[in-house]
1. Which of the following residues is touching a strand residue (DSSP E or B) at 6+ places or on another chain (Cβ under 9 Å) and without any contact (Cβ under 8 Å) to a residue 24 or more places away in the chain: GLN480, GLN465?
2. Suppose we filter the range 281-323 for residues that are farther than 19 Å from PHE242 by Cα and hydroxyl-bearing (Ser, Thr, Tyr); how many remain?
3. Just the residues that are under 15 Å from ALA501 (Cα atoms), more than 40 Å from the chain's Cα centre (by Cα) and modelled with pLDDT under 85, please, taken from the range 548-586.
4. Please go through the range 161-173 and give me each residue that is at pLDDT below 90 and either hydroxyl-bearing (Ser, Thr, Tyr) or within 16 Å of ASP74 (Cα to Cα) (or both), ordered by number.
5. Scan the range 59-105 for residues that are at pLDDT below 70 and of a type in the set (D, E, K, R) and jot them down.
6. Residue check, ILE227 against (1) surrounded by 15 or more Cβ atoms within 10 Å (Cβ to Cβ); (2) over 18 Å from ILE350 (Cβ atoms), all met but one. Which one?
7. For the range 557-586, name all the residues that are crowded, with 18+ Cβ neighbours inside 10 Å, part of a helix (DSSP H, G or I) and aliphatic (A, V, I, L, M).
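The values are calculated or read from the model by the stated rules, or taken from the named source; none is laboratory data. All figures in this text were calculated on a predicted structure; none of them were measured in a lab. All Cβ positions, glycine included, derive from the backbone under ideal geometry; neighbour counts span all protein chains shown.
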Amino acid sequence: MLKNTPTNAQLLAEIAALRTKLMEIELELQEVQHQRRVEAETRRDLMTALTRASGLDQTLEIMLVNLRNLVPYDLAGLFLLTRDGRVVQDFTTAFGDGQVLQTFPDDHPLVREIKSTRHPLTVPDIQDDQRFDDWQEMGLIHGWLGVPIEVEQDMIGFLSLGSLQPAAYGKAEAELVGAYTIQLSDVLREAWRPETPAKKNGELEVISRLSHALGQAESKEDTYLAIIDQINKLFGPVEGAFMFPNSTASEQVVKFTLDEANLGISHPRCDDLLWQVFDSGKIKTISDIPGYLQSSPGEIYTALLRRKKSAIVIPLTTNNAAFGILLLAFPQFRSFNAEDIRLFDTLAQIMSTTLRRLFVLEGLEKQLSLERRRLIEQTEQAAVMEERQRLARELHDSVTQLIYSQILYAGAGLKVLGSGDVTLSQQYLNRIHQVARQALKEMRLLVYELRPEDFLEDGLVGALQRRLDSVERRSEINAQLVVEGRPDLDEAAEIAIYYIAMEALNNILKHSGASTVVITLRSEGSKVSLEVADDGLGFDLSRDEALSGMGLVSMRERAAALHGDLQVISRLGSGTRIIATIEGSE
């Protein structure tokens, strides 16, 4: 065996590990798909409710209640920074009795850590954490998650979630709540703005329509189309191009656009507008495209902006880092004021959350496909190795032993021939002839078994006839196939019947010394039976080892798997009949 060739045991271990990994990926994929649906439904319900909210308190209550659909909690609170540097609990919701407003100084360890990192903070069990000693309402809470709330890159507070269960929150929950707080910060920003309620509700309606459209999209391509379609409806005619960096971030590639001529074009890294948006995570605009193109910014700008008058380039970000950009080009001149930029930024956060989740799904699906291919390859390799080992055993146990017997008989025959005993020499020659014929039979059987397994290409009857023609008849056995009625079997049943017949024929060829074999395939009502009969030596059914050997166990198991049974009729010197009966297809 070659040094790098794995053993069958190693292959089986690898197959078991691959199957476990496949199950884990499938479970993760199902969880992500479920989470995406829940996110979409929560976002849709949230936006519908927000347009009807009468004030900030009702708005915050709606948001915290909807958040519970995404991440379960037993206590939630919203803490906002005040002008004097304190962090005050402005709103709380709990599932239980007792609510106590809490105030933290700006230098409190919890506040200081969240402000310095700007990342979610998880604590497995706050009962073991001194930072929570003076937090009165947390007496029964164990697992905790704190997520910063930012408005235009300024932290204005944090969201607190508490659970009665230890270690209730991890990376996945932190990511979900982080995406949700983006919408929360938008609501707070809207609440503090002086515009009329009608204008605020109008913008919430814009966000709601985009959220609903994204929730309906099933694939990445559907999501791209939904985004472009909604922006067309909200801002008038526009052409969009989604660009994402390659694996080394050395170039950006157009992954989606309605203009197929631009699909797949790339733009190498340089210090220009597209890369500035990606690196900084800040929106940039082009109010006069014809004038901008006169400065020869690059071929990609000419391709994406030709015949357009103005454009806006929006970063797609997650966890404060860009993973792509969206370029929107308009056919008319338009300027983009601060409110336009703010609204596009809000829409970008919603788009980014959805797209990032889809990228995770796509990655899991690709990984699942890859692991499935590996499993198939490993299974095939293990099957090949197992078959090689089986053939090696067959050669050793049958053909090799038969050939060795011929050598012994030939040697003995030569000795007695030298002594002039012709009668004994003739006996040895007859025995050599018998053993050689048996070896030839078994070699033909092995050669037949090495053929590709397209045995059911011509149906069960054709496969059985081909076996008799290829092995039994060439071994000078009178072989017949009799078909009575029209057996109606599905593929699984045909395969089982075929293998039962093969096992029975192999036993006849190796052990019975039969000169005649008859296979009868019979259909009687709803039942189908296979009978394999021979005129060989037979065996004693009273011996336990006879019933447990010669492949009878595997034949019984195959019949039982199809809710059938196997009958064995045999007597020493009178041949053997194997009868398998199963239910046919309805």
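1. Going through GLN480, GLN465 in turn, just one is touching a strand residue (DSSP E or B) at 6+ places or on another chain (Cβ under 9 Å) and without any contact (Cβ under 8 Å) to a residue 24 or more places away in the chain: GLN465.
2. Qualifying residue count, the range 281-323: 4.
3. MET550
4. The one that is at pLDDT below 90 and either hydroxyl-bearing (Ser, Thr, Tyr) or within 16 Å of ASP74 (Cα to Cα) (or both): GLU173.
5. ARG83, ASP84, ARG86, ASP90, ASP97
6. Checking ILE227 against (1) surrounded by 15 or more Cβ atoms within 10 Å (Cβ to Cβ); (2) over 18 Å from ILE350 (Cβ atoms), the one that fails is (2).
7. Within the range 557-586, ALA559 is the sole residue that qualifies.
Residue-wise test of (1) over 28 Å from ASP535 (Cβ atoms); (2) buried (at least 16 other Cβ atoms within 10 Å of the Cβ); (3) touching a Pro at 6+ places or on another chain (Cβ under 7 Å); (4) modelled with pLDDT of 75 or more.
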| position | (1), (2), (3), (4) |
| --- | --- |
| MET385 | yes, yes, no, no |
| ARG390 | yes, no, no, no |
| TYR404 | yes, no, no, no |
| ALA436 | no, no, no, yes |
| MET443 | no, yes, no, no |
| SER470 | no, no, no, yes |
